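The next block holds one structure in the form of C-alpha cells; read it before the comments.
The values are calculated or read from the model by the stated rules, or taken from the named source; none is laboratory data. Here the structure is a predicted model, which means the values were calculated and not measured. Here Cβ is always computed from backbone atoms with ideal geometry, including for glycine, and neighbour counts include all displayed protein chains.
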There are 4 protein chains.
Amino acid sequence: MMKRIAVLTSGGDSPGMNAAVRAVVRTALYHGMETIGVMRGFEGLMDGDCMTLDRAAVGGIIHRGGTILRTARSERFKTEAGQRAALVQMENRKVDALVVIGGDGSFRGALELEKKGLPVIGIPGTIDNDIAGTDVTIGYDTAVNTALSAVQKLRDTASSHDRLFIVEVMGRDAGFLALEVAVSSGAEYVVVPEIQLDIAKMCDHLHYSRKRGKTHSLIILAEGVMSAHELKNRLQDTGGYDARVTVLGYIQRGGSPSSFDTVLASRMGAFAVESLLEGKSGSMVCSICGQMTLCPLEDAWKSPKHLNPELLALVEKLSV
Amino acid sequence: MMKRIAVLTSGGDSPGMNAAVRAVVRTALYHGMETIGVMRGFEGLMDGDCMTLDRAAVGGIIHRGGTILRTARSERFKTEAGQRAALVQMENRKVDALVVIGGDGSFRGALELEKKGLPVIGIPGTIDNDIAGTDVTIGYDTAVNTALSAVQKLRDTASSHDRLFIVEVMGRDAGFLALEVAVSSGAEYVVVPEIQLDIAKMCDHLHYSRKRGKTHSLIILAEGVMSAHELKNRLQDTGGYDARVTVLGYIQRGGSPSSFDTVLASRMGAFAVESLLEGKSGSMVCSICGQMTLCPLEDAWKSPKHLNPELLALVEKLSV
Amino acid sequence: MMKRIAVLTSGGDSPGMNAAVRAVVRTALYHGMETIGVMRGFEGLMDGDCMTLDRAAVGGIIHRGGTILRTARSERFKTEAGQRAALVQMENRKVDALVVIGGDGSFRGALELEKKGLPVIGIPGTIDNDIAGTDVTIGYDTAVNTALSAVQKLRDTASSHDRLFIVEVMGRDAGFLALEVAVSSGAEYVVVPEIQLDIAKMCDHLHYSRKRGKTHSLIILAEGVMSAHELKNRLQDTGGYDARVTVLGYIQRGGSPSSFDTVLASRMGAFAVESLLEGKSGSMVCSICGQMTLCPLEDAWKSPKHLNPELLALVEKLSV
Amino acid sequence: MMKRIAVLTSGGDSPGMNAAVRAVVRTALYHGMETIGVMRGFEGLMDGDCMTLDRAAVGGIIHRGGTILRTARSERFKTEAGQRAALVQMENRKVDALVVIGGDGSFRGALELEKKGLPVIGIPGTIDNDIAGTDVTIGYDTAVNTALSAVQKLRDTASSHDRLFIVEVMGRDAGFLALEVAVSSGAEYVVVPEIQLDIAKMCDHLHYSRKRGKTHSLIILAEGVMSAHELKNRLQDTGGYDARVTVLGYIQRGGSPSSFDTVLASRMGAFAVESLLEGKSGSMVCSICGQMTLCPLEDAWKSPKHLNPELLALVEKLSV
C-alpha cells in the first residue's frame, strides 16, 4: 500500500513544471497519500533536501514559471555512490515511489534508481520537445509562443529598416522549436539540425526575393546547427548579406505556462500518480493523440523523433 | 484544370482566420492559381463584393486578429435565390472552387453550393471548438489563452478580497472552452452544458471549502448553461453566497492568434487548396492527431463531439 | 526613535500594491526598523490580524497583482470603538507608525487614527486615479494598459463584423481611465462623468461617419455615467443603432503591474517610510511632475481633480 | 497659408511612431491640410519617395510597432548636395513644412533644412529616452515594459537554477532604460554609463548576499558601458562568478506601443501640426510635467540629461 511519494524537477526548467508538481501533490492527497518535494533535483535527493508539500504549499503556483523545487545538473548522481545515497534518503523518509519531471538526461538517472528498486515514473518537461515517445513535452508550447512573440517584435524593426534578421532559438540538437516558430512567424527561412544547410541556395533565394521587391527577411535558426554569429558570417562571405542577429536565449525558458502546457502538466502529474498506484514503474507519461499513456523510460532517448516534413514544406510555400 | 479559387470567412470571427486566408492565397500561387477574396461572407458572395488577393495583399496579416475579409451572417443566402445569385457571381468571375472558413452554419451554406455544382472545401474556424470531425478548430487555443489570462487577473482580485467569482466564458452550446480554462486556471468549479448542474451540491462544496480555510473560489461558467447573473442569483438563493460576476464577452474572439492556431490555420489553408487540386469537394479539413485529413462537411454538425471526461475529473481532483 | 512600523492595504486592490509593500518593508530594514503586515485592511487592524514581514516575506512579490496583505472594506472601523480597538492593537505591538495604501476612503480612516495619536502616512493606490494632490496613483497605468489590450481585441471583432461596440470601463465617479483608453485605443467616442452626454449629437456623428464609409465604431464609457446596457438602449431609442456591449469589469484590477506602476509604488513606499523617519504624519505621498512629495491627507478628497481638456479634444480630432 | 505638410521617421524605429504619424495626418486634415508621407527618412526625402496619406492610410496603424514610413540612416543627407536635393523635392510637391520623428541625429538633419528655409518641427521618438529638453520620448515606456517582461522570464530560470544573470539592455550612451528596468524588475545591481563601475565592490556585494542565503541575482547592464560578455569575464576574473548572459537586443524596439506611448505620440503629433500652424519652426515638441511645449531643436543634444539619483539609490535599498 503506497503512502508517500516524492517529486523532483531536474535538468533545464520549463514552464508548466510547477503545474505538474501541483497536480502530483493534489492527486496524491486525493488518493490519501503524502508528497515529499525534493529540492534541486538529484543533488537535493542525495542530500536529503526535502520538505512535505501539503495542499497550501502548491496553492498559487500553477501559473508560475520555473520550478519552486528548483533544479540542478548533477555529476555526482551519475556514480553508484550517488545513487545509493539517494536511495538511502528515500528509505529514511519512507518514500514508496518517485516522480521525476525533466528531460532524457533526468530519465537516465531515474532509470538507475528504478533498477535499484525504487518505483519511478517520469514526466517529460522540456521546452525542446526532443523526447521521443510523447507527442509533446511540458513547456514546449509556451516556449514557442514566447519565441513567436519576440520574433513578431523583431519583424516590426526588420520591416521598418528593410533588414535581414537571423533569430537564434533554443532546441538543443533538435529543430522542433525553430520549425514551429518559423511557420507561425511567417519566417522566410528556417535552419534546423535535421536538414543539411545549403548556404549558396539560401543566398540565391535571398537574391531572388530582393529582386521581387521583398525588403526584409527573417531566418529562424536552431541553436543546434551553429551560432547566429556564424550564420551571419557565412551569409556575409557567400552572398554579401549584412544580417542582424538576435539570440533569444533564456527568456524562452521562462514565463507563465500557456493554457495548453498547464493542462498538459496537470494531466501528466495526475496520471503519473495514478500509474504508480496501479503498480507501474520505469515508465514515462506520454501524450499520444491527446491521450495520456505510458512508455518505457528508455524510449525517451532510444527512438528518434522526427520533424514533420509537412511543416518544412510550408515554410517554403507560404513565405516566398 | 483549376485556375482561380475564391475564399471567404463566415460566421463569428476567430483568431487565425487571416493566417488561413494567407495560406490559401500563397498555396494557390505556389500551384499557379489565382485567389479571389470575397468580403462579408455569403452576403458579399451574393453581391459580388470581391477582390483579387495577390502575394502582397496577404503580407503582414498572419498575426492579425479578426478577418480582413470581414464576415457576416446572412438570412438571404438560406434561400434558393440567394444561392443562385452566389453561383452566378462565381461563374462570372470564372471561379473554379470555393474555400469557406467558418463554423457549422457556414458549412451548411457551403454544402448547398456544392450540391449545385461548385467545388467547395470548408476550414473549421471558431473559438468554440464545437465542430465534430476535427480535434481542434482555428481560434480555440487563442481564445482559451485569452480567457485564462483574464481569469488570472480576476484571481488576483478574488484572493485579495476573499471573494467568490463567477466568470462566464463563451462556447455557444458546448463546454470545451469553459472546461479547458477551468483546468488551466485552477478553478474550483466548472459549469458546462454537457453536465447537469446541481446547485445544492455546489453550495455544499463551497461551504466545506470555506470551513477548511479556502477564502476565495472561482467558478467558470459556459454561456450555454445560463447567464452569470442567473447563476449568481441561484447561489444567493440556495446557499446565501454573494458572488461577483464577470462576463468575458467578445474579447475572447480577438487578439493575435497563438502559435498553435497560426500553424493550424496555415496547414489547413494549404491543405484545403491542395485538396481542391486533387479534385476533392464537399469536405471539411480536419486535424486528427495532428494530421490533416478530410471528412464530409455534414460531419461538422451530424456527429456529436464530447468533452474529455478526464478533464472534468481533474477540475475536482486538483482544486479541492 | 522609530523602531517598528505597520503597513496595510485597504479599499479596492490595485496592481503595484505588493511592490509598495515590498518597498516599505525593505526601506524600513535599510533604516534598521521592523515592519508588521496587517491583513485585510482596517478589519485586520482591529482584530490584530498581523505578522512580521522580513526580507524574505516580500521576496518575489514585486510583480504579483492584488495584495498579499489582502484588503477589505470595514463599516466597523468607521465607529469610535473600532478606531480605539485598532489603536490598542498597535500599542500592544509597539508599532510607532502606520502606512496605509489605498484610496480616499482609506485615507479618511487613516486620518482618524492620526488625530488619535498614531503617526500615519498614506500611499495612493487605486486604478481610478481619482485622488487629488497626486498626478498619478498606483495601478492606474496598469489598468489603462489592461483595458487598452482588451479594447484592441474588441476592435478585431468590431471591424470584422462592421459593428458598433460600447466598452464600459472602471473609474468610479471619474473619467480618467475612460479618457486615456479612448485616446490610446483610437476610439471614436468617449463618455465620461465630467462631460454632459448629448445622445442626439452622438447619433448624428455616427450617422455622418457611416455615410463617410466608416463601418465600425468604438465608444468608451466610464462606469460613473451609466451602465453600458443603458447607453445601448439609448442609442437604440434615439438613433436606431444596434450596439454590442462589453463590460470589462474586474480584470482591470488584476495583472502584473507595469514598469511605471512598479517604479511608482517602489518610490512611494520608500518615500513613505523615510517621511515617517523625518517625523512627518497625516500626509499622503504624492507624485508631482515625477517628484515624490507630501500633501495633507485631506487633499485626497477635498480638492477636485480635473480631466485634461487636451485629451478630450484629441478623441474628436484623431478619430473622425 | 499652410496647405500641405510632410512627415518622415528617421533613425532607429520606436513603438508609437505610427501613432504619431496618424496624429499628424488626422490633425492636419482637421485643420484643412494635406499630408505627404516620406518613406525611408531623409533617404526617401532626397529621392522623392513619397505618397499622400489620407484618413484611411493611417487607419489601423495606431497600435502597430515599427514605422509604416520605414526609416533609414543617411550619409548622403549630411552633404550640402543631399540637403538641396531634399529641398527641391519638397518644393516640387508644394510642401509648406516638415515634421521629423526621430532622435537627436535626425534633428540635426532637420535643423539644416530649417536653416535653408523649410519650416520644421521635431518629435522625439527613441526607446533610449536620451533626448534632453523633454521628460520622455516616444517608445521609451514600451521598451521598458518589454525589457521588464523579458527580465521577469529570466528571473524564473535564474531562481530555478540558483544562478547569476547579466541582462544587457539598450540605451545607447545613456542608462535610462537600464535604471528603470532595474528598479521595476527588482534587480540586485544596475550598471550604467553615468556611474563608474566598481567590479571589486560588486563582487563583495555578491559574496555578502550569497552568504546571507540569496541564491540568485540579476544584473541589468546598459549597452553603453560594455558588452554583457565582457562583464561576465570581469566577474569571472575578479570574483570567480559564473554568470549567464542574455542580450535582449532588437526585441526592445518592437511591439505594440503601451497606452502611455500611444497617448504621448498622439499628443505630440497633434501639437507638432498645430505649432506649425502657429508659425513655429526649428523646434522640438517636448513633454514637460505632462504638458506639451516646444524647445529649440538644438536642446536635444546640447544640454545633458541626468539620471534620477533617487532611482539609483532605490536599486540598492530595495534589492539587498
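Details
- Subset of segment C:25-70 that is under 27 Å from residue A:62 (Cα atoms), facing another protein chain (nearest Cβ under 8 Å) and among the β-branched types (Val, Ile, Thr) - its residue that is surrounded by the most Cβ atoms within 10 Å (Cβ to Cβ): C:67
- Residue B:106 falls short on exactly one of the conditions (1) under 30 Å from residue C:61 (Cβ atoms); (2) assigned by TED's automatic domain parsing to the domain that holds residue B:41, and that condition is (1).
- Hey, residue B:6 touching a residue at least 40 places away in the same chain (Cβ under 8 Å) and surrounded by fewer than 23 Cβ atoms within 10 Å (Cβ to Cβ) or not: no
- Filter result (surrounded by 18 or more Cβ atoms within 10 Å (Cβ to Cβ) and at positive phi) within segment A:249-306: A:249, A:255, A:282
- Residue count for segment B:21-78 under the criterion of being in contact (Cβ under 8 Å) with a residue 60 or more places away in the chain, β-branched (Val, Ile, Thr) and closer than 20 Å to residue C:164 by Cβ: the result is 1.
- When the helices (runs of 4 or more DSSP H) confined to segment D:249-319 are screened for residues that are polar (S, T, N, Q), more than 14 Å from chain A (Cβ to nearest Cβ) and within 17 Å of the chain's Cα centre (by Cα), those reaching at least 2 such residues are found at D:259-277.
- Tallying residues that are within 30 Å of residue D:67 (Cα to Cα) and aromatic (Phe, Trp, Tyr) within segment A:171-226 yields 2.
- Of all residues in segment A:275-298, those that are closer than 13 Å to residue A:131 by Cβ and at pLDDT 95 or above have Cβ atoms under 6 Å from Cβ atoms of residues that are surrounded by fewer than 18 Cβ atoms within 10 Å (Cβ to Cβ) and hydroxyl-bearing (Ser, Thr, Tyr), 6 or more apart or on another chain, in A:286/A:293.
- The set of residues in segment B:222-248 that are within 14 Å of chain C (Cβ to nearest Cβ) and either of a type outside the set (Ser, Thr, Tyr) or assigned to a strand (DSSP E or B) (or both) comprises B:223, B:228, B:229, B:232, B:242, B:243, B:244, B:245, B:246, B:247, B:248.
For every residue, the table says whether it meets (1) more than 14 Å from chain D (Cβ to nearest Cβ); (2) modelled with pLDDT of 95 or more.
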{"residue": "A:160", "(1), (2)": "no, no"}
{"residue": "A:167", "(1), (2)": "no, yes"}
{"residue": "A:172", "(1), (2)": "yes, yes"}
{"residue": "A:175", "(1), (2)": "yes, yes"}
{"residue": "A:179", "(1), (2)": "yes, yes"}
{"residue": "A:186", "(1), (2)": "yes, yes"}
{"residue": "A:191", "(1), (2)": "yes, yes"}
{"residue": "A:196", "(1), (2)": "yes, yes"}
{"residue": "A:200", "(1), (2)": "yes, yes"}
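- Filter result for residue D:287 (small (Gly, Ala, Ser) and closer than 23 Å to residue D:12 by Cβ): yes
- Members of segment B:186-213 that are part of a loop (DSSP other than H, G, I, E, B) and free of Cβ contacts under 8 Å to residues at least 12 places away in the same chain: B:196, B:198, B:212, B:213
- Given (1) closer than 22 Å to residue C:169 by Cβ; (2) in contact with an Asp or Glu (Cβ under 9 Å, 6 or more places away or on another chain); (3) not aromatic (Phe, Trp, Tyr), number of the condition residue C:252 does not satisfy: (2)
- Residue D:318 being of a type in the set (A, V, I, L, M, F, W, C), in contact with a helix residue (DSSP H, G or I) (Cβ under 6 Å, 6 or more places away or on another chain) and more than 30 Å from residue D:112 (Cβ to Cβ): yes
- Residues that are more than 23 Å from residue A:140 (Cβ to Cβ) and free of Cβ contacts under 8 Å to residues at least 12 places away in the same chain occur at least once in segment A:89-97.
- Selection of segment A:193-218 for residues being of a type in the set (Lys, Arg) and crowded, with 17+ Cβ neighbours inside 10 Å yields only A:214.
- Among residues that are at pLDDT below 95 and either under 17 Å from the mean Cα position of the chain (by Cα) or buried (at least 21 other Cβ atoms within 10 Å of the Cβ) (or both), residue D:73 is included.
- Of the criteria (1) under 25 Å from residue A:182 (Cα atoms); (2) at pLDDT 95 or above, which one residue B:55 fails: (2)
- Hey, residue B:180 touching a residue at least 60 places away in the same chain (Cβ under 8 Å), in a helix (DSSP H, G or I) and buried (at least 24 other Cβ atoms within 10 Å of the Cβ) or not: yes
- Of the residues A:65, A:102, A:41, the single one that is under 30 Å from residue C:255 (Cβ atoms) and small (Gly, Ala, Ser) is A:65.
- For residue A:63, the conditions (1) part of a helix (DSSP H, G or I); (2) touching a Gly at 6+ places or on another chain (Cβ under 9 Å); (3) not β-branched (Val, Ile, Thr) all hold with the exception of (1).
- Residues in segment A:85-122 that are polar (S, T, N, Q) and over 17 Å from residue A:40 (Cα atoms): 1 in all.
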